[in-house]
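First up is the structure itself, then whatever we jot down about it.
The values are calculated or read from the model by the stated rules, or taken from the named source; none is laboratory data. Remember, predicted model here, so these are calculated numbers, not experimental data. Positions of Cβ are backbone-derived with ideal geometry, glycine not excepted, and every protein chain shown enters the neighbour counts.
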Amino acid sequence: MELINRPRRLRGNDSIRRLCRETRMSPDSLIYPIFVDEELKGRRPIPSLEGQYHYGLDCVTDAVAECLEHGVGRCILFGLPAHKDACGSSAWDEHGVVQEAIRAIKAKYPDFYVITDVCMCEYTDHGHCGILHGHEVDNDQTLEVLAKTALSHAQAGADMVAPSDMMDGRVAAIRAALDGAGYQNVPILSYSAKYASAFYGPFRAAAGSAPSFGDRKGYQMDPHNRREALKECALDVEEGADILMVKPAMPYLDVLRECADAFELPMCAYQVSGEYAMIKAAGAAGLIDEHRVMCESAVSIYRAGANMLITYFAKELADAMKEGEIG
Ligand code: PBG
């Protein structure tokens with residue numbers, strides 16, 4: 001055989017394979033979701049998310065300590081408030097669950113980077129991501145409460161805010177509120193292309209945020225659409241977003257690649273609860289090697305263009321990256 005090109009030369013052993021990796025990842029690019037429950041003391045396993053916990057305000061810093069043990073230095077906070085009402089008023093309460101969690105974390109770990117999810121669905125008694133007008137979410141009225149909420153997070157010490165509601169114009173509204181109060185340097189991580197996905201099921205069970213009627217198709221994106229994701233990202237860039245996000249991750253890798261190519265901002269991907277739960281369940285059933293599938297799924301998301309990843313696997317992935325198993 002006179003084969004000149006033998007791609008297998010670069011696959012001969014672990015050393016050369018690691019030399020030639022095209023996708024590089026670091027624990028610095030991982031963000032771990034933390035759920036804080038205002039009514040809880042201690043921590044409690046989340047039934048829908050095997051291996052994940054709800055934390056009380058008394059022990060939310062334990063969640064941070066665990067992250068730091070694995071070299072994960074960033075989190076995104078989700079709150080389960082004691083009180084819900086029609087307009088989600090505890091979302092912007094100065095002493096709300098997220099605001100208090102930020103203070104508790106920052107008091108003990110000032111350098112731990114705290115991102116907050118900004119949305120209304122965990123705080124409204126109807127479970128929709130904004131203020132209702134009849135059975136519809138009123139976009140422009142919702143912008144006001146989102147902006148107030150984001151500002152209250154910044155005032156409590158959040159490093160970054162991440163609106164996940166999918167209202168039109170929310171990045172601009174939040175930017176204006178932050179800037180107006182002197183928080184020009186707090187970046188916005190926008191859930192830019194967030195699809196109306198069935199993969200959020202375990203999260204909604206965990207956060208108690210399922211809509212009590214209807215669905216989110218009137219504000220989250222239709223899974224059939226690709227060009228619309230480019231439009232959503234372009235609008236967020238115009239409105240002043242600092243980082244763009246595609247969510248979910250694995251079922252939308254085409255969208256992630258396209259948005260990563262089209263925009264100069266850093267790209268975040270969210271490997272959501274259903275993606276995590278599927279890997280855990282298939283692993284527990286002995287159908288797949290959970291650890292290897294976890295690693296491969298993360299590599300795929302980065303290869304598709306993510307610069308950072310929000311994932312319930314953050315701590316385990318950080319270990320795999322440090323070992324050189326991936327990245
Ligand atoms: C809040 C929000 C959701 C998720 C992140 N922020 C749920 C939803 O939109 O219904 C989902 C995260 C996950 O599934 O892991 N709107």
Inter-residue pairs, beta-carbon under 7 Å, first over 18 Å from Leu143 (Cβ atoms) and without any contact (Cβ under 8 Å) to a residue 60 or more places away in the chain and in segment 178-191, second in a loop (DSSP other than H, G, I, E, B) and away from the ligand (no atom under 16 Å from the Cβ), 6+ apart: Pro187/Asp242
Criterion: part of a helix (DSSP H, G or I) and small (Gly, Ala, Ser) - qualifying residue of Ala158, Ala210, Ala150: Ala150
Which listed residue, of Gln155, Gln141, is modelled with pLDDT of 95 or more and farther than 22 Å from Ser212 by Cβ: Gln155
Residue ranges of strands (runs of 3 or more DSSP E) in segment 21-123 with at least 2 members hydroxyl-bearing (Ser, Thr, Tyr) and over 20 Å from Pro187 (Cα atoms): 53-56
Residue within segment 158-168 that is more than 30 Å from Pro45 (Cα to Cα) and either without any contact (Cβ under 8 Å) to a residue 60 or more places away in the chain or more than 13 Å from the ligand (Cβ to nearest atom) (or both) present: yes
Close pairs (7 angstrom Cβ cut-off, 6 or more residues apart or separate chains): away from the ligand (no atom under 12 Å from the Cβ) in segment 114-127, among the acidic types (Asp, Glu) anywhere: Val114/Asp159; Asp125/Asp85
Single residue of segment 191-212 satisfying the filter (in contact with an Asp or Glu (Cβ under 7 Å, 6 or more places away or on another chain), among the hydrophobic types (A, V, I, L, M, F, W, C) and near the ligand (Cβ under 8 Å from one of its atoms)) that is nearest to Gly134 (Cα to Cα): Ala207
